């Protein structure tokens, strides 16, 4: 039985192109993830966009900076999520590697291979990943670390990274158009994580271009299906 190809949508709802048909027996993937992880979400969005989401078995994991999940560690010595196990038992990590693998496996167009488009997508992904890194570290600092050991200046420094990244994103978002690649997907997941864990940040008030773009991008089927719920 063939998996249905995922059709990309324009702002007007018109299809841009369809991911190729993939036979189910060709795909047997297992993803260690957490619903709240923006990095795991990035992988799920990519999988959805290239028509592979239904071929992935999701394995909930309790990734933690101190109490590491031994199930994850068995496949990723860093004990971090997302971690993907391919059909031949190969362990893949981190999210950038997994996204590139899924895009290639699904014959997708999310990772441009040549010219300036490739480097733009890669740099955008790196910036978005940095925003997510900083935000996740703040989450650990304010929720996981014992209150007596918390360092406010360190938290402030991480949030400054988020603010600097958002400023660059806002300047770039005006020219995103209908781009759907690893860069814009990563940005979408970063903004979604800020909404989920840092709602009081009210990032839309200071970043109108990013807000307008995200209103459209967040409505894609892949983003709706992967949206974390508190």
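Derivation of every value follows stated rules applied to the coordinates shown; laboratory data play no part. Computed from a predicted structure; not experimentally measured. Cβ: placed from backbone, ideal geometry, glycine included. Neighbour counts: every protein chain shown.
Scan the stretch 163-178 and give yes if some residue there is surrounded by fewer than 14 Cβ atoms within 10 Å (Cβ to Cβ) and in a helix (DSSP H, G or I), otherwise no. Yes, some residue in the stretch 163-178 is surrounded by fewer than 14 Cβ atoms within 10 Å (Cβ to Cβ) and in a helix (DSSP H, G or I).
Could you list, in sequence order, all residues of the stretch 179-222 that are more than 17 Å from the chain's Cα centre (by Cα) and not in a helix (DSSP H, G or I)? 202, 207 - these are the residues of the stretch 179-222 that are more than 17 Å from the chain's Cα centre (by Cα) and not in a helix (DSSP H, G or I). Can you pull out the helices (runs of 4 or more DSSP H) entirely within the stretch 52-139 that have at least 3 residues that are touching a residue at least 40 places away in the same chain (Cβ under 8 Å) and either surrounded by fewer than 13 Cβ atoms within 10 Å (Cβ to Cβ) or out of contact with any strand residue (DSSP E or B) (no Cβ under 7 Å at 6 or more places or on another chain) (or both)? Of the helices (runs of 4 or more DSSP H) lying wholly inside the stretch 52-139, those with at least 3 residues that are touching a residue at least 40 places away in the same chain (Cβ under 8 Å) and either surrounded by fewer than 13 Cβ atoms within 10 Å (Cβ to Cβ) or out of contact with any strand residue (DSSP E or B) (no Cβ under 7 Å at 6 or more places or on another chain) (or both) span 95-105, 115-139. Annotation note: of 204, 197, the sole residue that is in contact with a helix residue (DSSP H, G or I) (Cβ under 6 Å, 6 or more places away or on another chain), free of Cβ contacts under 8 Å to residues at least 24 places away in the same chain and either surrounded by fewer than 20 Cβ atoms within 10 Å (Cβ to Cβ) or under 21 Å from residue 139 (Cβ atoms) (or both) is 204.
Residue pairs whose Cβ atoms lie under 7 Å apart, sitting 6 or more positions apart in sequence or on different chains, and linking a residue in the stretch 168-184 that is farther than 20 Å from residue 203 by Cα to a partner that is assigned to a loop (DSSP other than H, G, I, E, B), are 178/10; 178/11; 180/110; 181/110; 181/111; 181/112; 182/110; 182/111.
Taking the criterion of being in contact with a helix residue (DSSP H, G or I) (Cβ under 8 Å, 6 or more places away or on another chain) and more than 20 Å from residue 182 (Cα to Cα), the only residue of the stretch 87-114 that qualifies is 87.
Within the stretch 148-156, can one find any residue that is surrounded by 16 or more Cβ atoms within 10 Å (Cβ to Cβ) and either touching a strand residue (DSSP E or B) at 6+ places or on another chain (Cβ under 7 Å) or more than 30 Å from residue 113 (Cβ to Cβ) (or both)? Yes: the stretch 148-156 contains one or more residues that are surrounded by 16 or more Cβ atoms within 10 Å (Cβ to Cβ) and either touching a strand residue (DSSP E or B) at 6+ places or on another chain (Cβ under 7 Å) or more than 30 Å from residue 113 (Cβ to Cβ) (or both).
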